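The values are calculated or read from the model by the stated rules, or taken from the named source; none is laboratory data. What you are looking at is a predicted structure, and each value in this text was computed from that prediction instead of being measured. Quick reminder, even Gly has a Cβ in these numbers, built from the backbone with ideal geometry, and neighbours come from all protein chains shown.
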């Protein structure tokens with residue numbers, strides 16, 4: 001995007017300050033490679049939090065292991081940098097301990113769909129009121145470029161020197177069939193759309209899953225590159241019905257199209273709602289009614 | 001009537017489906033209702049049906065006792081094939097009650113009456129006929145047998161009727177009626193039978209304290225401890241023998257506004273527990289050996305990120321799936337040392353049902369006060385056995401033991417992992433504006449930022465270890481205790497967990513034989529109360545460590561820490577250790593070998 005007017009650093013800094021995004025940034029500098037798709041996560045989450053106006057101390061960002069896992073350190077919110085693959089159950093515990101907290105989980109494709117794959121169906125079906133931002137670069141970046149569960153067939157890496165033969169997972173289809181109540185896709189190369197999708201995901205009451213296509217510029221020179229994604233990413237059809245789970249699954253099966261946007265949304269009771277209902281049935285005082293964590 | 005000390009152990013043995021455990025349950029509840037002290041432990045197969053062997057053992061006393069006895073006073077057989085191997089447990093002049101007309105054809109040699117030893121007194125009873133006459137069905141043989149022994153020893157009939165009514169209150173009235181009818185038929189028959197054994201049941205103790213006591217299992221006591229400590233969240237996955245903790249909490253926690261979730265596996269159970277602990281809740285999970293092995297990595301995160309959590313581990317026979325319904329003490333190593341890295345944690349191992357309650361409650365305090373996962377190590381024998389216990393009227397467990405950061409300090413100066421004198425840092429929880437921080441499994445500096453400099457790792461490792469020493473002085477919990485003779489003794493028993501009860505009984509019997517001896521229980525296995533153990537070992541010429549594992553895991557811990565060799569007494573039979581076996585070991589160690597038959 002080119003502007004007819006020159007951009008001065010001073011003006012830009014002022015603009016950033018005024019935007020309020022720095023309110024949620026810590027003083028630590030991100031440690032990702034230059035050009036990494038994860039920088040758009042930092043921008044998107046800070047913008048989205050600023051839009052919601054939630055207090056810093058009421059946000060908890062949970063991460064696992066992988067490049068995305070350092071994210072909480074760059075934020076001025078509570079953070080828990082946990083174990084490989086265990087972000088979702090940890091986040092479930094945090095949310096059930098205190099419903100007032102805004103809980104955001106960040107992770108990559110290895111953390112979520114390899115080692116942590118067993119937790120995703122359960123957090124989706126229970127509709128835990130948390131937001132899951134999954135940054136899919138189709139590779140293990142932090143261990144220097146090995147094959148991942150979303151790597152394409154034929155992808156050559158240090159652990160797949162004779163090309164990857166395993167069919168990649170289709171995370172969107174999985175989440176839709178697991179019963180997730182909010183499923184969307186965004187692309188790190190479209191930061192404004194990404195930020196808006198993050199805002200909507202956080203605003204959703206229930207489990208929201210945002211799949212983010214995010215190039216690894218250091219270890220992937222052939223597959224999920226900005227160049228390739230720029231060519232294949234497009235918007236969902238305008239007539240897509242976001243309340244139709246089957247239509248959403250049909251869109252998710254079109255793997256060449258890589259459509260971004262909101263695939264599916266439904267309103268239904270969250271896990272905390274159900275547990276409060278159990279408390280009421282047992283004759284106790286529900287956490288939310290009692291106003292305590 | 002002269003009062004006698006009652007100490008009678010009744011074993012009821014049958015096949016799964018005979019109602020063995022059910023009548024055992026009525027027996028112990030009736031006797032507890034009547035004011036006796038009760039310890040009871042059932043043996044049952046891993047299969048739900050399948051004709052496996054069930055044994056319901058109940059020990060009824062007027063004086064305090066600490067374990068089951070090795071010998072049975074009264075054996076009731078509902079299935080001779082299963083009961084015959086247990087005839088050897090019946091003491092001289094003890095009673096054996098069996099069915100004169102078994103339901104199935106009995107092959108030659110498989111009737112229990114042909115297997116009794118001289119001196120064991122037989123009571124053949126037409127259980128099936130009596131059941132059919134009283135109820136029109138043979139299904140109440142178990143109640144006839146129970147009624148018979150109740151009548152034979154003149155046990156209080158109303159207590160039994162109350163227990164039967166309570167047992168079947170959710171069923172149709174006809175069920176209660178027919179069970180009562182079968183019981184009464186047996187009772188009348190027993191009351192009119194001439195008794196020629198030497199089993200005596202006196203009246204219950206007239207102590208008012210016992211009037212307030214309740215009978216419960218170790219797992220039920222754990223649940224009560226959790227509730228008294230104000231548990232807020234529980235995450236668990238079903239596994240024998242810990243499941244009943246979650247089942248009871250599922251009923252009780254919602255009444256207190258607390259939340260329980262059955263997770264998809266043990267990894268998520270501990271993960272959610274650590275998450276809830278991080279967010280400031282009193283959180284717990286419960287599992288057995290296989291589940292705890294899965295939890296090891298997350299235990300390490302709890303240690304590293306200094307998050308409070310309580311983990312109940314009820315041991316069963318291992319390794320792998322092992323023996324799910326049999327008891328063992330072979331998870332001491334994983335409880336104390338399990339997981340990678342220098343991950344010291346607090347491990348409490350109660351020795352009786354009352355201890356289950358106290359350790360459960362204190363575990364929440366310790367987890368919060370020292371900011372660390374706490375393991376409460378039980379075993380199947382302790383989880384499932386019943387004891388009559390009396391709880392104090394006032395709930396002793398303290399809330400809000402978390403060391404908080406100063407409110408006036410901004411987050412710029414807040415050090416979540418501040419290196420303090422006692423190693424415990426001020427801890428903020430999400431929602432508190434003055435304490436924003438990120439906790440991490442990476443080694444970190446005082447602010448919680450990743451840091452792998454040599455000095456920092458050294459200092460932080462030291463902090464995480466040394467802060468736990470305060471647990472050794474935690475108020476109002478017995479972490480070790482010596483019993484028996486004071487000063488120098490010939491033989492000392494050093495025991496932990498459920499086996500301590502058997503060790504204590506054996507020690508008291510050995511003292512009766514004139515052997516100077518003492519027993520010490522160790523409840524806190526980590527950090528280990530080294531000084532008192534050292535003093536105790538110094539007093540003992542010989543030290544025996546009885547435990548239900550093959551290698552001697554506690555013996556290794558003690559001798560490895562203190563450099564003192566001990567006599568290992570190890571059994572892996574899936575059953576509690578027999579008092580007689582420990583007594584033999586004491587005699588042997590004291591140089592006073594005697595024939596085993598002479599054990600009274």
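How many residues are out of contact with any strand residue (DSSP E or B) (no Cβ under 9 Å at 6 or more places or on another chain), in a helix (DSSP H, G or I) and over 9 Å from residue B:583 (Cα atoms) when one looks only at region B:503-521?
Quick first cut of region B:503-521, residues out of contact with any strand residue (DSSP E or B) (no Cβ under 9 Å at 6 or more places or on another chain) only: B:505, B:509, B:512-514.
With in a helix (DSSP H, G or I) added as a condition, the list becomes B:505, B:509, B:512.
Of the ones still in play, those that are also over 9 Å from residue B:583 (Cα atoms) are B:512.
The qualifying residues number 1.
Can you tell me which residues in region A:118-127 are outside any helix (DSSP H, G or I), more than 15 Å from residue A:63 (Cβ to Cβ) and within 11 Å of chain B (Cβ to nearest Cβ)? So that I can check it myself, show each step before the final result.
Of region A:118-127, the ones outside any helix (DSSP H, G or I) are A:118-119, A:127.
The next check asks that each one be more than 15 Å from residue A:63 (Cβ to Cβ); those that pass are A:118, A:127.
Hit for region A:118-127 is A:118, nothing else.
Go through region B:144-173 and report how many residues are over 24 Å from residue B:91 (Cα atoms) and either touching a residue at least 40 places away in the same chain (Cβ under 8 Å) or in contact with a strand residue (DSSP E or B) (Cβ under 6 Å, 6 or more places away or on another chain) (or both).
Applying the first criterion (over 24 Å from residue B:91 (Cα atoms)) to region B:144-173 yields B:156-173.
Filter again for either touching a residue at least 40 places away in the same chain (Cβ under 8 Å) or in contact with a strand residue (DSSP E or B) (Cβ under 6 Å, 6 or more places away or on another chain) (or both), leaving B:156, B:159-160, B:162-164, B:166-167.
Qualifying residue count for the region: 8.
Collect the residues in region B:461-497 that are touching a helix residue (DSSP H, G or I) at 6+ places or on another chain (Cβ under 7 Å), surrounded by fewer than 19 Cβ atoms within 10 Å (Cβ to Cβ) and part of a helix (DSSP H, G or I), keeping them in residue-number order.
Within region B:461-497, B:470 is the sole residue that qualifies.
Could you pull out the residue among B:500, B:536 that is farther than 21 Å from residue B:64 by Cβ and surrounded by 16 or more Cβ atoms within 10 Å (Cβ to Cβ)?
Details: B:500 fails: farther than 21 Å from residue B:64 by Cβ.
Within the list B:500, B:536, the selection yields B:536.
Give region A:97-113 a look and list any residue that's within 13 Å of chain B (Cβ to nearest Cβ), surrounded by fewer than 24 Cβ atoms within 10 Å (Cβ to Cβ) and either under 22 Å from residue A:147 (Cβ atoms) or under 9 Å from the mean Cα position of the chain (by Cα) (or both), or say none.
none
Take residue A:77 and decide whether it is crowded, with 24+ Cβ neighbours inside 10 Å and at pLDDT 95 or above. Show your work before the answer.
Values: crowded, with 24+ Cβ neighbours inside 10 Å: yes; at pLDDT 95 or above: yes.
Yes; evaluated as a whole, the condition is true for this residue.
Among the residues of region A:156-195, which ones are in a helix (DSSP H, G or I) and touching a residue at least 12 places away in the same chain (Cβ under 8 Å)? Step through it out loud before you land on a result.
Filtering region A:156-195 down to residues in a helix (DSSP H, G or I) leaves A:171-178, A:191-195.
Listed by number, the residues that qualify are A:171, A:172, A:173, A:174, A:175, A:176, A:177, A:178, A:191, A:193, A:194, A:195.
I'd like the full set of residues that are over 13 Å from residue A:233 (Cα atoms) and over 12 Å from the mean Cα position of the chain (by Cα), limited to region A:192-205.
Across region A:192-205, the qualifying residues are A:192, A:196, A:203, A:204, A:205.
Could you identify the single residue in A:49, A:22 that is over 30 Å from residue A:221 (Cβ atoms), within 14 Å of chain B (Cβ to nearest Cβ), touching a helix residue (DSSP H, G or I) at 6+ places or on another chain (Cβ under 9 Å) and part of a helix (DSSP H, G or I)?
A:49
Given the condition within 7 Å of chain A (Cβ to nearest Cβ), assigned to a helix (DSSP H, G or I) and out of contact with any strand residue (DSSP E or B) (no Cβ under 9 Å at 6 or more places or on another chain), answer yes or no: does some residue in region B:446-460 qualify?
no
Suppose we filter region A:12-39 for residues that are more than 24 Å from residue A:55 (Cβ to Cβ) and surrounded by 11 or more Cβ atoms within 10 Å (Cβ to Cβ); how many remain?
Counting residues in region A:12-39 that are more than 24 Å from residue A:55 (Cβ to Cβ) and surrounded by 11 or more Cβ atoms within 10 Å (Cβ to Cβ) gives 10.
Take residues that are within 14 Å of another protein chain (Cβ to nearest Cβ) and tell me which of the strands (runs of 3 or more DSSP E) falling wholly in region B:195-276 contain 2 or more.
Counting at least 2 such residues, we get B:233-236, B:259-262.
How about region A:175-187: which of its residues are buried (at least 19 other Cβ atoms within 10 Å of the Cβ) and more than 15 Å from residue A:254 (Cβ to Cβ)?
Step one: of region A:175-187, the residues buried (at least 19 other Cβ atoms within 10 Å of the Cβ) are A:175-176, A:180-187.
Once the filter is applied, which keeps residues that are buried (at least 19 other Cβ atoms within 10 Å of the Cβ) and more than 15 Å from residue A:254 (Cβ to Cβ), region A:175-187 yields A:175, A:180, A:181, A:182, A:184, A:186, A:187.
Scanning for something within 14 Å of another protein chain (Cβ to nearest Cβ), surrounded by fewer than 18 Cβ atoms within 10 Å (Cβ to Cβ) and farther than 19 Å from residue A:135 by Cα, does region A:232-239 turn up at least one residue? Spell out the reasoning first.
Our first condition is that a residue be within 14 Å of another protein chain (Cβ to nearest Cβ); within region A:232-239, this holds for none.
No, region A:232-239 contains no residue that is within 14 Å of another protein chain (Cβ to nearest Cβ), surrounded by fewer than 18 Cβ atoms within 10 Å (Cβ to Cβ) and farther than 19 Å from residue A:135 by Cα.
Go through region A:75-93 and count every residue that is within 7 Å of chain B (Cβ to nearest Cβ) and either out of contact with any helix residue (DSSP H, G or I) (no Cβ under 9 Å at 6 or more places or on another chain) or in a helix (DSSP H, G or I) (or both). So that I can check it myself, show each step before the final result.
At the first step, the residues of region A:75-93 found to be within 7 Å of chain B (Cβ to nearest Cβ) are A:76-83, A:86, A:89-93.
Of the ones still in play, those that are also either out of contact with any helix residue (DSSP H, G or I) (no Cβ under 9 Å at 6 or more places or on another chain) or in a helix (DSSP H, G or I) (or both) are A:89-93.
Within region A:75-93, residues that are within 7 Å of chain B (Cβ to nearest Cβ) and either out of contact with any helix residue (DSSP H, G or I) (no Cβ under 9 Å at 6 or more places or on another chain) or in a helix (DSSP H, G or I) (or both) number 5.
Kindly evaluate residue A:72 against the criterion of being at the interface with chain B (Cβ under 9 Å from one of its Cβ atoms), without any contact (Cβ under 8 Å) to a residue 60 or more places away in the chain, in a helix (DSSP H, G or I) and in contact with a helix residue (DSSP H, G or I) (Cβ under 6 Å, 6 or more places away or on another chain).
Values: at the interface with chain B (Cβ under 9 Å from one of its Cβ atoms): yes; without any contact (Cβ under 8 Å) to a residue 60 or more places away in the chain: yes; in a helix (DSSP H, G or I): yes; in contact with a helix residue (DSSP H, G or I) (Cβ under 6 Å, 6 or more places away or on another chain): no.
Judged against the criteria, residue A:72 is not a match.
Here are the criteria: (1) touching a helix residue (DSSP H, G or I) at 6+ places or on another chain (Cβ under 8 Å); (2) more than 30 Å from residue B:464 (Cα to Cα). Tell me which single one residue B:529 does not satisfy.
(2)
Can you tell me which residue within region B:68-77, out of those that are modelled with pLDDT under 95 and in contact with a strand residue (DSSP E or B) (Cβ under 7 Å, 6 or more places away or on another chain), is surrounded by the fewest Cβ atoms within 10 Å (Cβ to Cβ)?
Ranking the qualifying residues of region B:68-77, first place goes to B:71.
What number of residues within region A:133-155 satisfy the criterion of being assigned to a loop (DSSP other than H, G, I, E, B) and touching a residue at least 60 places away in the same chain (Cβ under 8 Å)? Reasoning before the result, please.
To start, the set of residues in region A:133-155 that are assigned to a loop (DSSP other than H, G, I, E, B) comprises A:137-138, A:141-145, A:148-155.
Imposing the further condition that a residue be touching a residue at least 60 places away in the same chain (Cβ under 8 Å) reduces the set to A:137-138, A:141-142, A:144-145, A:151-152, A:155.
Adding up the residues that qualify gives 9.
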